[in-house]
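Heads up: the structure comes next, in structure tokens.
The values are calculated or read from the model by the stated rules, or taken from the named source; none is laboratory data. Computed from a prediction, not measured in an experiment: that's the story for all the values here. Here Cβ is always computed from backbone atoms with ideal geometry, including for glycine, and neighbour counts include all displayed protein chains.
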Amino acid sequence: MVTEPAQLANKGVHEKVITCFKGFKPGKVLDIPCGTGALSLVLHKMGYDVTPCDIHPEYMQVPPLKAKFCNMNKEFPFESQTFDYVACVEGIEHTENSYNAIREIARVLKPKGRLVLTTPNYLNIERRLKFLVTGSFSKPVTQERFKTFYGKDTSGMHNSPMTYPILKFMLESNNLKILSLEKERTKTRQIFLYPFVLLIRFYALLWTRKERDKYLINEANSDLIINGGNNLIVVCVKN
């Protein structure tokens, strides 16, 4: 009997990712980091040849699948152009070397292969205002919590919180073209913060077009991002 593993991502993230894969032709997919194996199991049932990988493969107990060890901060244990697809769900922000992770993902993808990546949306209006107050994109971790809760293991922490413009640069620098961008859900309570959105957009209008293009202002202030949910779902193709 196959055990249904718990989803570690926010509600709506897996559903969006699975919808993406429903539009693809089944092939070889690398699920990294696979966590408990919730996504790997669904993709397996959909007919995909799934290779689950994680820095803690022991966390996944989903027969008949078995996770392999892989540290996203280092070279992946696969030949170049091995996979038709890579699913990276809520993983890139946990790496200590996110550039290496994206570079390795691109390397193991076949030409025209697809990457489905999700990561927290650090540019929605709620998180922007929190940053103004706290000066931090994610919750700081005390040394006590690092030692007791995390066991001095940084893989469970948000080590590389990145905004959309930085993520886009990393992807495009590795020949990964963004095909689509979605949010996992709508945060209705952010409607009360809409006056701040209008203020930001008005201020951006005072910038020159060259400066707005330089900082990807139009994209960063789009409804999908600034009024978006907790997460972004990005689909890319390898050129």
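Within region 155-165, can one find any residue that is more than 19 Å from residue 94 (Cβ to Cβ) and either crowded, with 17+ Cβ neighbours inside 10 Å or more than 20 Å from the chain's Cα centre (by Cα) (or both)?
no
Only one of (1) surrounded by fewer than 23 Cβ atoms within 10 Å (Cβ to Cβ); (2) at pLDDT 95 or above; (3) touching a Phe, Trp or Tyr at 6+ places or on another chain (Cβ under 8 Å) is not met by residue 87, so which one is it?
The failed condition is (1).
Confirm whether residue 128 is on the phi < 0 side of the Ramachandran plot, in contact with a Cys (Cβ under 8 Å, 6 or more places away or on another chain), crowded, with 18+ Cβ neighbours inside 10 Å and among the charged types (D, E, K, R).
Answer is no for this residue.
Would you mind telling me which numbered condition in (1) over 23 Å from residue 176 (Cα atoms); (2) crowded, with 22+ Cβ neighbours inside 10 Å; (3) over 16 Å from the mean Cα position of the chain (by Cα) residue 45 fails?
(2)
The conditions are (1) of a type in the set (Gly, Ala, Ser); (2) closer than 30 Å to residue 50 by Cα; (3) not in a helix (DSSP H, G or I), and residue 106 fails exactly one of them. Which is it?
(3)
Among what's in region 1-42 and is surrounded by fewer than 14 Cβ atoms within 10 Å (Cβ to Cβ) and touching a Pro at 6+ places or on another chain (Cβ under 9 Å), pick the residue that is modelled with the lowest pLDDT.
Step by step, filter region 1-42, then rank; the result is 1.
Report the residue count in region 98-124 for those that are closer than 26 Å to residue 7 by Cβ and either out of contact with any Cys (no Cβ under 6 Å at 6 or more places or on another chain) or among the β-branched types (Val, Ile, Thr) (or both).
Number of matching residues: 17.
Within region 103-149, can you find the residues that are among the aliphatic types (A, V, I, L, M) and either free of Cβ contacts under 8 Å to residues at least 12 places away in the same chain or in contact with a Gly (Cβ under 6 Å, 6 or more places away or on another chain) (or both)?
Result: 132, 133.
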